[in-house]
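Data first, discussion second: the structure below is written as structure tokens.
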Amino acid sequence: MKLHHIGVVVQDVLKSAEAYESLLGLRVVMGPKEDPIQRVNAIFLDLGCGEEVALELLEPTREDSPISSFLRKGGGLHHLCFEVEDIEGTVAKMRDKGLRVVCEPVPACGFGGRRIAFVFPVEGILVEFVEARSGEEKNR
């Protein structure tokens, strides 16, 4: 398991990305990209760790987006995402440890169809898991 990205909920991903670029020198590495399943727009920025860890900016695309209520409360740090080899097994372990699974594994557009899942809370922070790339994908 390794840290994949840090998710931040914002009002406008384009404006926020511009601010991170101009103020901190971060650069956009993907997006904006809409995920109709999660009902969000996302932009990923390079945090200077190569492709190891990214900053994900998220904005809801609809009122029923899972992040809409979070944005109404002010937005900000939303989740930590960890890449895992076995998402089903990881989610089962988290459930066994008493964590609440708020999103079972589902495909994610922003990750080329790899599945994501969310559990809550780990010390009060929402945690996302994303499937690791398969061997073929890693070699591309």
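Being part of a helix (DSSP H, G or I) and within 15 Å of the chain's Cα centre (by Cα) is the filter here; which residues of segment 79-97 pass it?
Across segment 79-97, the qualifying residue is only ILE87.
Of everything in segment 31-68, what is more than 18 Å from LEU80 (Cβ to Cβ) and buried (at least 21 other Cβ atoms within 10 Å of the Cβ)? Give them in sequence order.
ASN41, GLU59, PRO60
Cβ contacts < 9 Å: first residue on the phi > 0 side of the Ramachandran plot, restricted to segment 45-59; second residue assigned to a loop (DSSP other than H, G, I, E, B), any location; separation 6+ or different chain. Result?
GLY48/GLY25; GLY48/LEU26
Within segment 98-115, does at least one residue satisfy the condition of being farther than 23 Å from VAL28 by Cα and outside any strand (DSSP E or B)?
yes
Within segment 35-78, which residues are part of a strand (DSSP E or B) and over 25 Å from LYS2 (Cα atoms)?
The answer is PRO60, and nothing else.
Which residue pairs have Cβ atoms under 8 Å apart, sit 6 or more places apart or on different chains, and have a first residue in segment 17-36 that is more than 22 Å from PHE111 (Cα to Cα) and a second that is surrounded by fewer than 14 Cβ atoms within 10 Å (Cβ to Cβ)?
What qualifies is GLU21/ARG27.
Laboratory data are not the source of any read-out in this text; all were calculated from the coordinates shown. These numbers come from a predicted model, not from an experiment. Counting neighbours? That spans all protein chains shown, and the Cβs are built from the backbone with ideal geometry, glycine included.
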